[in-house]
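These notes concern the structure reproduced below.
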Amino acid sequence: MINISKLYCGLAGESDDLRYSAGGSFGPVVVYNCTSRCNLRCLHCYSSSKSGQRGDELSTAEAKKLMSQLAEADCPVVLFSGGEPLLRDDLFELLAEARRLGLRTAISTNGTLIDSATARQLAGVGVSYVGISIDGDEKFHDKFRASKGSFKSAVAGIENCKKAGLKTGLRFTITKANAEQVPVVFDIAASAGVRRICFYHLIRIGRAKGLDEQILTPERTRRVLDVIIEKTDNFAKKGFIDEVLTVDNHADGPYLLLKMAGETQNSKLKTQNYEKARQLLLANGGNKIGEKIACVSWDGSVYPDQFWRNYSVGNVKDKTFRQIWENSNEPVLNRLRKKSEFADGRCLKCRWFDLCRGNFRFLDTEIDAEYWLNEPACYLMDEEIEN
């Protein structure tokens, strides 16, 4: 995650201790895709979720065992996602078990199922954060989510969370179709009293696998980042926002620094802000999938992150999470953890490599070097990355 509000505006972030800690002695943040079921059918869903039966989801006992394994692995945060996590009948039992074990929990949801009683239940089991997906204005959101009325239900879910005292934020995946909706999302957040927004770059996995036409060009990506940075700055100055982050493309860090470098002329303060931002990005260490980010799927399969559905590094039904995660013979985890040896050739020549480390992954089932690439792609120009 690239914290635009902290790096550009100097605002403190709630997870700064995880993002910029010197030692990083904690285990990975884990996304638990606790179900493959969903009441919507979004065009870009990375897990290809749909309505249906429980199927091969971990049982309640197995999921509780997983929570214990994550606690043993020093996991600082478990993000319950899906599908739609609220479709699991035992969700609150699992959240309560995570709390008992000392795990901090968050939930990623479409928000449509959060009535006032559900919001109070989430608060009652100690959920620290609720991220609700919004794709743009009402007309666009309902079309993109293939469900009329889903926007109003999501907004009602946001309001119910706020009334229950839950910290709530918006989640937005950037596609060619909704890139122009970015300013709208800031306005929606302001009108709803929401002070956190996460902007995700699209990764072509799950139902998004066939959405090549929805990938932004490098020029368009830069324009979207410019809008996000400008809006963040404006809303921060007005006191409307606490945290704005971009997710899944670590080229956003160098791009932000390049933008800040262009503003430092004749300003000692801006030069100092640039250096602070650069040091924070270096402390963060760039892309950490397969290191400080992990995913456990509904069937117990373990992945380097939630957007990597094509290759599992193990299953918690067969081995503990820690045994899987600390397996020194796992070829994909080894490659992800030794990027200074294996990263994309262009990345290895880049002057920003130490604070970005690329978006190295493969979208096929083979692990041969020829299948690895940066996904999402880097949008920096050659002259911007040269030493």
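Things worth noting here:
- Volume of the convex hull of segment 143-290 (Cα atoms only), normalised per residue: 146 Å³.
- Net charge of Cβ neighbours under 13 Å - reference GLY290; Lys, Arg +1; Asp, Glu -1: +4
- Calculated [θ] (222 nm, deg cm²/dmol) that DSSP helices of n ≥ 4 give over the chain, each run adding -39,500 (n - 2.57): -10500 deg cm²/dmol
- Segment 9-121: Rg to Rh, with Rh as the Kirkwood radius over Cα pairs: 1.00
- Debye equation applied to the C-alpha atoms of segment 186-229, log10 I(q)/I(0) at 0.20, 0.26 Å⁻¹: -0.81, -0.94
- The distance separating the Cα centre of segment 292-347 from that of segment 81-98 comes to 24 Å.
- Unit Cα scatterers, Debye sum, segment 320-372: log10 I(q)/I(0) for q = 0.19, 0.21, 0.23, 0.27 Å⁻¹: -0.71, -0.82, -0.92, -1.07
- Each residue of the chain gets 132 Å³ once the volume of the Cα convex hull is shared out per residue.
- Distance from the alpha carbon centroid of segment 366-387 to that of segment 131-163 works out to 34 angstrom.
- Annotation: lysines with alpha-carbon distance below 20 angstrom to LYS143 (same-chain offsets under eight excluded): LYS50, LYS152, LYS176, LYS209.
- In loop segments of segment 1-108 as defined by DSSP, the trypsin sites (Lys or Arg not before Pro) with at most 14 further C-beta atoms inside 10 Å of their C-beta are ARG41, ARG54.
- Along the chain, the exposed loop sites are GluC sites (Glu not before Pro) outside DSSP states H, G, I, E and B with at most 12 other Cβ atoms within 10 Å, and the longest stretch free of them is 1-325.
- Anchor LYS270: lysines whose Cα lies under 17 Å away (excluding residues fewer than 8 positions away in-chain): LYS6, LYS237, LYS259
- Multiplying each eigenvalue of the alpha-carbon gyration tensor of segment 161-240 by 5 and taking the square root yields semi-axes of 26, 17, 8 Å, largest first, rounded to whole angstroms.
- Percent of beta bridges antiparallel (DSSP, the chain, rounded to nearest 5): 20
- In plain terms, the chain from ALA369 to LYS238 could stretch by 42.3 nm, reckoned as 0.36 nm per residue minus the Cα-Cα distance.
- Paramagnetic label zone (point 7 Å from Cα along Cα-to-C-beta, ASP187; backbone N under 14 Å) in segment 97-138: 136-138
- Label separation (SER128 vs ASN315): 3.1 nm, computed from points 7 Å beyond Cα along the C-beta direction.
- Filtered chymotrypsin sites (Phe, Trp or Tyr not before Pro), segment 1-79: DSSP coil and at most 13 other beta carbons within 10 Å: none
- Å² per residue, accessible surface of segment 1-118 at 1.4 Å: 39
- Solvent-accessible ranking of SER47, SER116, largest area first, probe 1.4 Å: SER116, SER47
- Scattering curve values for segment 224-323, log₁₀ I(q)/I(0), Debye with Cα scatterers, q = 0.22, 0.23 Å⁻¹: -1.15, -1.22
The values are calculated or read from the model by the stated rules, or taken from the named source; none is laboratory data. A quick note: this is a predicted structure, and the numbers were derived from the prediction, not measured. Ideal geometry is used to build each Cβ from the backbone, glycine not excepted, and the neighbour counts take in all protein chains shown. For accessibility, only protein heavy atoms count, side chains too; no ligands or nucleic acids. Shrake-Rupley method; radii C 1.70, N 1.55, O 1.52, S 1.80 Å.
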